[in-house]
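Written below as structure tokens is the structure these notes are about.
The values are calculated or read from the model by the stated rules, or taken from the named source; none is laboratory data. All values reported here derive from a predicted model rather than from experimental measurement. Using ideal geometry, Cβ is built from the backbone for each residue, glycine included, and neighbour counts are taken over all protein chains shown. Accessible surface is based on the protein model in full, side chains and every heavy atom, while ligands, DNA and RNA are left aside. Shrake-Rupley method; radii C 1.70, N 1.55, O 1.52, S 1.80 Å.
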Amino acid sequence: MSKLLQLHDFGAPGAVSFEQLRTAATGCSSKGGTGKSSCGSAAGPNDLPPDVWEKVKNHPCYSEQAHHHFARMHVAVAPACNIQCNYCNRKYDCANESRPGVVSEKLTPEQAARKVVAVASTIPQMTVLGIAGPGDALANPAKTFKTFELVTEAAPDIKLCLSTNGLMLPDYVEQIAAMNVDHVTITINMVDPEVGAKIYPWIFYDHRRITGVEASKILSERQLLGLEMLTARGILVKVNSVMIPGINDKHLVEVNKAVKSRGAFLHNIMPLISEAEHGTAFGLSGQRGPTAQELKALQDACEGEMNMMRHCRQCRADAVGLLGEDRSAEFTTDKVMAMDVEYDLAGRQAYQAKVEAERDAIAAAKQRELATLADETATIKIQVAIATKGGGLINEHFGHAHEFQIYEVSTAGAKFVGHRRVDLYCEGGYASDAGIEPILKALNDCTAVLVAKIGMCPKDSLAGAGIEAVESYAFEYIEQSVIAYFKDYLERVGKSEIRHVARGDATIRQGAFIEA
């Protein structure tokens, strides 16, 4: 039994059980030991208690719906870290990589607070401030909490969020709760120290550096204790796990069960970023990352235990904007200090109310389209790629897409299952034959790609790879259009106009280099 459970004496007469406390705190009820929790990133207002829905509805990481409409920002005030991960290489003053641990500039709490106000005044859909490094938020507690304090004073409507490796989490849960931090992300890659020893070379704890299985045992115990303490206080917790083939990929099913039983709200299983050019230990040793279908299979297996977050972009520690975009270059310290900032709370609230109305319209359109599949009995499932700038719309030109969002669609409806980051096919009005090949590999498991517009050359290349390029749903709602396309697809299969074939696997390009 953990120290937390002993401390609260949940077994005493008349005491509330930990399970009751956890359920009340997170709104995650289960349908038995292997049932799926009734919450998750795809949940809507009818799926969650009102207080939980209020916490997640505008948070782009905790709500898959919200990520189409709302933005987040990270401030790089926490450079120090107290553990070493074989998949991490922190880089400062780096503008051309997009992955965790990378920043262009480190900030003081005062600079960070001004930047938050400047961004929120410019981008009304920015609803969440996160501190995710470039080290660990709780290895830099004074800077982290000072930043939260200043932001709360200047912009009280901004949600506060922190990410941590969990080593020091139990020591700061009370302070997190006192500052009204409603969302915490813990990276938990193992619950077996033997597995952990292959991931973590060392931790720094209790004034000493500890290595091997002992280090991973301490880290795991602290992570799980911190998770229990947070959920007991009603704080929503997302657990991040990095999928490392051959090391923890099969073990993550056990991690999933462990974090669900302790009240985690979401589980986000992310692919290892393993390109050698990033300079990580795993990258330099040749450790590969998962393929698209390997990642999806693990997420699907864990979804039987709890809902998964599948829309994570593994953001930089100074990212700004919608998930999948980064506007941090617009808000460097020099630019922010020169800006005439006026915080328009009423304007932000008006914008967000407009977004809520649009989300209602999107949900209604999806349900109307889904109703047309009510009599279908086909067992076919396909994946469809979407070119989008956001807003829940198919509104991006194929050649201008930095990424494609992937939906799995069947007679049960459309489900977001991931994204594929790519290099631009068109730059400066020009495209190359070589530029299409990585995109074909990234979309190889998709039957179609829905775009606002596409040229004949890439359209022919896609067709040659068995991928249909479709422009007829341009500027329409994504999920409604995906279902409509699937209905048409079934009709064509039924008429023998086309033949349904199983698609292959696809590549994931995480941590891609970006234009400086």
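For this structure, a couple of remarks:
- Looking across the range 57-79, the residues that are of a type outside the set (A, V, I, L, M, F, W, C) and either closer than 22 Å to Asp136 by Cβ or touching a Phe, Trp or Tyr at 6+ places or on another chain (Cβ under 6 Å) (or both) come down to Asn58, His59, Pro60, Tyr62, Glu64, Arg72, His74, Pro79.
- Residues within the range 188-212 that are of a type in the set (A, V, I, L, M, F, W, C) and open to solvent by 10 Å² or more (accessible area, probe 1.4 Å), tallied: 5
- For the range 133-169, a tally of residues being of a type in the set (Asp, Glu) and under 29 Å from Ala215 (Cβ atoms) returns 1.
- Exactly one residue among Thr377, Thr332, Thr372 is open to solvent by less than 60 Å² (accessible area, probe 1.4 Å) and either among the hydroxyl-bearing types (Ser, Thr, Tyr) or touching a residue at least 60 places away in the same chain (Cβ under 8 Å) (or both), and that residue is Thr332.
- Residue check: Arg233 meets all listed conditions (1) of a type in the set (D, E, K, R); (2) modelled with pLDDT of 95 or more; (3) open to solvent by 20 Å² or more (accessible area, probe 1.4 Å) but one, namely (2).
- Every residue from the range 255-309 that is open to solvent by 10 Å² or more (accessible area, probe 1.4 Å), touching a Cys at 6+ places or on another chain (Cβ under 8 Å) and polar (S, T, N, Q): Asn307
- Residue within the range 366-383 that is out of contact with any strand residue (DSSP E or B) (no Cβ under 8 Å at 6 or more places or on another chain) and within 29 Å of Gly455 (Cβ to Cβ) present: yes
Rundown of residues vs (1) without any contact (Cβ under 8 Å) to a residue 40 or more places away in the chain; (2) in a loop (DSSP other than H, G, I, E, B); (3) open to solvent by 40 Å² or more (accessible area, probe 1.4 Å), yes/no style:
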site	(1), (2), (3)
Ala463	yes, no, yes
Ala469	no, no, no
Tyr473	no, yes, yes
Gln480	no, no, yes
Ala484	no, no, no
Ser496	yes, yes, yes
Ala502	yes, yes, yes
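- Residue ID - farthest from Tyr200 (Cα to Cα), chosen from residues in the range 178-187 that are open to solvent by 10 Å² or more (accessible area, probe 1.4 Å) and within 23 Å of the chain's Cα centre (by Cα): Asn180
- Condition check for Ala142: part of a loop (DSSP other than H, G, I, E, B), open to solvent by 40 Å² or more (accessible area, probe 1.4 Å) and modelled with pLDDT of 90 or more: no
- Failed criterion for His400 (all others in (1) at pLDDT 90 or above; (2) open to solvent by less than 50 Å² (accessible area, probe 1.4 Å) hold): (2)
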